[in-house]
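FYI, it's all coordinate maths here, none of it is from the lab. Keep in mind the model is a prediction, meaning the values are calculated, not measured. Glycine gets a Cβ as well: all are built from the backbone with ideal geometry, and neighbour counts include every protein chain shown.
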Amino acid sequence: MKKQTQAIRIQNKRTSHNEHSVPLYLTSSYVFEDAEDMRAQFAEEKEGEIYSRYANPNVQEFIDKMAALENAESGWATASGMSAVFSFFGAILSSGDHIVSARSVFGSTHKLFTEILPKWGITTTYVDFDDYEGFEKAIQKNTRILYLETPSNPGLDIIDLEKIAQITKRNEILFAVDNCFATPILQRPLDFGADVSIHSATKYIDGQGRTLGGVILSSEEIIEQIKAFARHTGPSLSPFNAWVLSKSLETLDVRMERHCNNAMIIAERLELHPAVSWVKYPYLKSHPQHHIAIKQMKGGGGIVTFELKSGLEGGRNFLDKLSLFSLTANLGDTRSIATHPASTTHSKLTMEQRNAVGISDGLVRLSIGLENVEDIWDDLLLALD
Ligand SMILES: *Cc1c(COP(=O)(O)O)cnc(C)c1O
């Protein structure tokens, strides 16, 4: 089956009511047929759900769909994107291990690298996104994982997945990608040689701003290690959220098409506006890594960043003048969203630190929604003028 069909037709349904839509299995535990069945399931001689911290039909359906969409052997779902990121590192790393990461990563991932993992003697070295030699040079004897996000948030820098995969294979370390911005519709990191793909399902996968969720996709071997860690530490995805996310996947392909079309139109128009100094969107010809974007992504995605000539004050003013756009700390929603990183998510960084991750005072991040593109543009134009 093609991806669009798999997202709709992979189903996990075992009751006898002939439901067309898979029902919600809200149960914390599962009964055994008899003492022998119970013994065999606990001994892992026989398949069975046992307890919803271990497994659940709705959660499994969501995993099966995501694994099919990313051409992964296996997967594991978690309560949020960050619990997916943490479960991956927690399962794979031991005290004394080392991570090489691209410098611009999601804020909470940065906290994990700088404040949480060091408590267990795990250290991280950051490398600039375009310094491929630097990535290889940063690998030490104790390095286990190379980690990156592409496109990055909010700078939309693109890293060549094939090039990085050559480095990690040569050095026999794991290559993990946070694929949240692209979704499996636009980019499949495993196809380019990555070992692990991680998502915050909270963003485009839900796509309607309702639930948190996360997922890790990889080989059977890696997922077994994550399972062993996560089953006993408990970052389980709730059956209800899994049910929502699994239904959401049915429309991911059509939603991403509209996100990409709307975002491309907005990016092209912003580039021509006199109040704007530059626009970044992976599918714009002016994007410095456009050639990499068109090689590994099937579309530019729904995020557009641009810089206002009017700087910090202008950025805050601009947000206040928007009326259709929501000011909210999410992205990948049906509703268009605007944020101003310098005065919010990245306000605690010094100017120097902000510049190192490409966040200037006038930078605005737009998550272009599914509204009619003329309404989106009218709102932006009014605020820009
Ligand atoms: C939101 C986000 C996360 C964290 O996901 P949550 O679901 O909020 O825990 C991780 N990486 C990226 C790129 C994100 O945008």
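Here are some notes:
- Working note: Debye formula, equal point scatterers on the alpha-carbon atoms of the chain, no solvent; log10 I(q)/I(0) at q = 0.06, 0.08 Å⁻¹ is -0.24, -0.42.
- Charges were assigned to the Cβ only: +1 to each Lys and Arg, -1 to each Asp and Glu. The resulting dipole of the range 252-384 about its Cα centre is roughly 420 debye.
- Compared with the direct C-alpha span, the chain from K119 to L26 gains 29.8 nm at full extension, assuming 0.36 nm per residue.
- For the range 252-384, a Kirkwood hydrodynamic radius built from all Cα pairs, placed in the Stokes-Einstein relation at 10 °C and 1.306 mPa s, yields a translational diffusion coefficient of 106 µm²/s.
- Packing, taken as the mean count of other beta carbons within 10 Å per residue, orders the peptides 257-263, 90-96, 226-232 from highest to lowest as 257-263, 226-232, 90-96.
- Stretchable slack from N317 to S16, in nm (0.36 nm times residue separation minus alpha-carbon distance): 102.6 nm
- Label point of E374 set 7 angstrom out along Cα-Cβ; within the range 216-260, amide nitrogens under 19 Å from it belong to 258-259.
- Where trypsin sites (Lys or Arg not before Pro) fall in DSSP loop in the range 17-58, at most 15 other Cβ within 10 Å: K46, R53
- Computed about its Cα centre, the charge dipole of the chain is approximately 340 debye, with only Lys, Arg, Asp and Glu carrying charge at their Cβ.
- The chain - mean residue ellipticity at 222 nm from DSSP helices (-39,500 (n - 2.57) per run, n ≥ 4, rounded to 500): -11000 deg cm²/dmol
- Highest mean first, the peptides 311-320, 148-157, 348-357, 333-342 sorted by other C-beta atoms within 10 Å per residue fall in the order 148-157, 333-342, 311-320, 348-357.
- If you plug the beta carbon distance of K309 and S95 into 1/(1 + (r/R0)^6) with R0 = 41 Å, you get a FRET efficiency near 0.25.
- Label point distance in nm, Q140-A228, each placed 7 Å from Cα along Cα→Cβ: 2.5 nm
- The angle between the Cα long axis of helix 161-170 and the main principal axis of the chain comes to about 50°, on a 0 to 90 degree scale.
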